[in-house]
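Below is one structure; the comments refer to it alone.
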Protein chains: 2
Amino acid sequence: MTVATAGRPLANLRVVECATYVAGPSGGMTLAQLGADVIRVDPLGGATDNSRWPLAPGGASLYWHSLNKGKRSVTVDLRSPVGRELVTALITAPGPDSGVFLDNNVARSWMDWPTLSARRPDLVHVHVQGHRDGRPAVDYTVNAAAGIPDMTGSEAGGAPVNHVLPAWDLLTGQTAVVGLLAALRHRDRTGEGSHLEVALADVALAGVAALGWYADAQLSRTDRPRHGNHVYGSFGVDFPTADGGRVMVVALTEGQWRSLCRVTGTGEVFAALEKALGVDLEDEVSRYRHRETIEAVLRGWFAARDVTTVSRELEAARVLWGPYRTPTQVVRDHEADPAASPLVEVQQPGIGRMLAMGSPLRAGGTADPPRPAPVLGADTDAVLADVLGLGSAEIGRLHDDGVLAPVAADR
Amino acid sequence: MTVATAGRPLANLRVVECATYVAGPSGGMTLAQLGADVIRVDPLGGATDNSRWPLAPGGASLYWHSLNKGKRSVTVDLRSPVGRELVTALITAPGPDSGVFLDNNVARSWMDWPTLSARRPDLVHVHVQGHRDGRPAVDYTVNAAAGIPDMTGSEAGGAPVNHVLPAWDLLTGQTAVVGLLAALRHRDRTGEGSHLEVALADVALAGVAALGWYADAQLSRTDRPRHGNHVYGSFGVDFPTADGGRVMVVALTEGQWRSLCRVTGTGEVFAALEKALGVDLEDEVSRYRHRETIEAVLRGWFAARDVTTVSRELEAARVLWGPYRTPTQVVRDHEADPAASPLVEVQQPGIGRMLAMGSPLRAGGTADPPRPAPVLGADTDAVLADVLGLGSAEIGRLHDDGVLAPVAADR
């Protein structure tokens, strides 16, 4: 029941990560935030995600530095047999808190399960894929195939709308960590290793299936219509305010619906409407069916108030709502009251002061602050010394042979 | 290294879940899919998510039955002291594989950490919230506040676009499970319990922060423009095909870009363009900057072919792409070749044959098939007998007293 240690429940665990872009790296970052020593391995000079947008004014990738917080960075010539042997040795290093590997490599047979498990049979290996047959896929392609863009956007129709959030990437990262920790418990108890695979395309299909949306299409034989910004199956929609602001208001439960009617003074209008339409708006399905009428009745209340007044009154009435913000508004809200903000500025080598956030998991009411990302390759020598026990002469020779390289100066 | 058992790495673990809607229940479902005995506790008659849309033709919730697959269902009068004591006893039942609790309750003080940990100090308790101060929030409200709808939709502008996928709910569910399993490893090693909290609003902010998007807004002091269906920072966009189909095509890497140019026969056009514009389109940032020109050059190739031809040629050329499908198309593709589909029909009590999917985590190359959801309350007597050791006379008395109730007939 020690709150302090429970914030870093994976202290002592060592994980080797060979992954790029969002899914694998966000999973590795989650493990690092829970206290694990996560060693991200990259080729000399970095992988293809190393310069991904957005960039800081000085040119460093804000994306890379945001997704690799709290890890150690090792770079090795992955084409050389000696480099491959070093990485294999890191992955299969002995001990109950080692031998845990997260990757998203395609066609690197020296890093596959048969090869690695021959070296360490109790390895826990989680392999992130695009499709389960090994073909590549990214968030945008699996999202289109899962049917989400077809449901997104205006009721008026038109082309499907891609959403910008790489939701499946982030979800795949967490799913990979779930598998990894479950397999680790299995190993802790039985001594057995595991080879788990998780494909982005499967995460997307499983996610949509979990909402019942494919079963609905199967049983109704119809695609559900788009409904713009309305919540499906209940009442919720956005309202513009007098000053050009916008809020999202939702009434899933009877209590939330009553609060909304009370604060907007629309109880009598809706009572009359219920009588006229022969419906009970305390039933969420009726609210969904009559969503446009409800929206029209409520609109005037929001249009007559600025967003500050709306927010104060909705909060006091315990309505379920949220403001629309742009990223710069999120930043301004943080800067207006940093102590109340979940975002934190970190001093990031290569960038400077930069907004970041730690794990959303809080232990005993407190959140660990985020740590910066490593400088690419900066931990190579230290990791080879402390994990593999290499001496400085051996490490020097690896540098001379070009298997290792000097750390690039801060960008 | 036993593939068979590694597919159910949490066999023997017992988890009590008191949660509703998507986040908590999807987390509990994940634990059940990994082999845990997950006991979902509801009030008599079910919670507010029990009839959430979409519905089967007979009226049962496809949503509820999709999110609660593989669990056991217990219903108890949660307002009665005796009912509360039964649930408390289930949550705090002794043993290294018990005492794990996932909830999203608001203001049920009899179920909070101080009360429960007084009964079992080594409890692992993960509490899912809306906001970290306890105020309610849902996916739609936190998504608006995180800035995503402002970036979604047409370059032409207009109101923000809500996406329909409850991405933060699903991500919060997996994050909760990550915390739960990490805390469980901590308990396995040290004997210490944990109280973890995770707020939907924090998951959203942390998710967007992990992409560097707030750091970008902070350092550039500007909001990034909407870019319709284009991928941000690289090249990717949707193309209509001759027969009214649509595909999403992405070229993040040089190799993917070269494949796309080769199959579409546009290499010479782009070489001339590079010379005219003074840019190197093998650089993804240049592809992003000239995305509309690239899209215009490529459009004709797609417009001249039906989706079957496009798909065959892109696949042969190893282009990174995916089809757009609607949910009914996903279902038809499943029905055309069920053996190749990750979706599986389950026989769901109360509904009948219904499409579902198991865990996207595969062990040793195989995926466990999904199990149906329980009938609401159907496992109450069995759970009280096997977890709490109650005899049939005691259980009968609880029924007589109205603390328990008969299982509703199949709907």
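The values are calculated or read from the model by the stated rules, or taken from the named source; none is laboratory data. Quick caveat, the model's predicted, so the values are computed rather than measured. Positions of Cβ are backbone-derived with ideal geometry, glycine not excepted, and every protein chain shown enters the neighbour counts. These accessible areas exclude ligands, DNA and RNA; they are computed on the full protein's heavy atoms, side chains included. Shrake-Rupley method; radii C 1.70, N 1.55, O 1.52, S 1.80 Å.
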Please report, for A:Arg221, the nm distances (one decimal) from its label point, 7 Å out from Cα along the beta-carbon direction, to the equivalent points in the remaining copies, shortest first. 6.1
In nm to one decimal, list the spacings between the A:Gly364 label point and its equivalents in the other copies, with label points set 7 Å along Cα to Cβ, shortest first. 4.1
Using modelled backbone amide H atoms (1.01 Å from N, in-plane), which distant-in-sequence or interchain residues come within less than 5 Å of A:Val38's amide H? A:Val15, A:Arg72
D (µm²/s, integer) via Stokes-Einstein for the protein assembly as shown, Kirkwood Rh across alpha-carbon pairs, 10 °C, 1.306 mPa s: value 58
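At a 1.4 Å probe, what is the % contribution of carbon and sulfur to the accessible area of the protein assembly as shown? Before the final figure, lay out each step's value.
Numbers: 15400 of 29110 Å².
That share works out to 53 percent.
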Once amide H atoms are placed 1.01 Å from N in the peptide plane, what residues at a sequence separation of 5 or more from B:Gly236, or on another chain, have their amide H within under 5 Å of its amide H? B:Val231, B:Ala251
Please build a GNM for chain B, connecting alpha carbons under 10 Å apart, and tell me which residue among B:Ala176, B:Ala146, B:Ala339 fluctuates the most. B:Ala339
7 Å along Cα→Cβ, label-point gaps from B:Ala304 to other copies, nm, shortest first: 6.2
Where is the GNM fluctuation largest for chain B (alpha-carbon springs, 10 angstrom cutoff): B:Val279, B:Val249, B:Val331? B:Val279
Can you list the residues of the stretch B:219-235 whose accessible area drops by at least 50 Å² going from the chain on its own to the full set of protein chains, with a 1.4 Å probe? B:Leu219, B:Arg221, B:Asp223, B:Asn229, B:Tyr232
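Quick one, could you list the DSSP H helices from chain B stretching 27 Å or more along their long axis (Cα atoms) with average Kyte-Doolittle hydropathy of 0.5 or above? If you can, show how the numbers build up before the last one.
Numbers: long enough: B:167-190 (34 Å, 0.15).
None pass (Cα extent of 27 Å or more, hydropathy at least 0.5).
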In a Gaussian network model over chain B where Cα atoms closer than 10 Å are linked, find which of B:Leu184, B:Leu171, B:Leu320 has the largest mean-square fluctuation. B:Leu320
Specify the inter-centroid distance of the stretch A:34-86 and the stretch A:129-186, based on alpha-carbon positions, in whole Å. 23
So, over other residues within a Cβ distance under 14 Å of A:Thr175, counting Lys, Arg +1 and Asp, Glu -1, the net charge is -2
Residues of the stretch A:189-206 with accessible area at least 40 Å² lower in the all-protein-chain context than alone (1.4 Å probe)? A:Arg189, A:Glu192, A:Leu196, A:Glu197, A:Asp202, A:Leu205, A:Ala206
Suppose we look only past 39 Å in the calculated P(r) of chain B. What percent of the Cα-Cα pairs does that tail hold? 33
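Could you give the accessible area per residue of the stretch B:246-323, probe 1.4 Å, as a whole number in Å²? Numbers along the way, then the final one.
Numbers: 3720 Å² over 78 residues.
In whole numbers, the stretch B:246-323 has 48 Å² accessible per residue.
Please give the average number of partner chain Cβ atoms lying within 10 Å of the Cβ of each residue in A:132-144, rounded to a whole number.
Taking all residues of A:132-144 together, the mean is 6.
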Averaged over B:345-358, how many beta carbons belonging to a partner chain fall within 10 Å of each residue's beta carbon? 3
Residues of A:61-67, mean number of Cβ from any other protein chain within 10 Å of their own Cβ, rounded to a whole number? 5
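List the accessible area buried at the contact between B and A, summed over both sides and calculated with a 1.4 Å probe, in Å² to the nearest 100. Could you put the intermediate results ahead of the total?
Details: alone 20830 and 20870 Å², together 29110 Å².
The B and A chains share an interface burying roughly 12600 Å².
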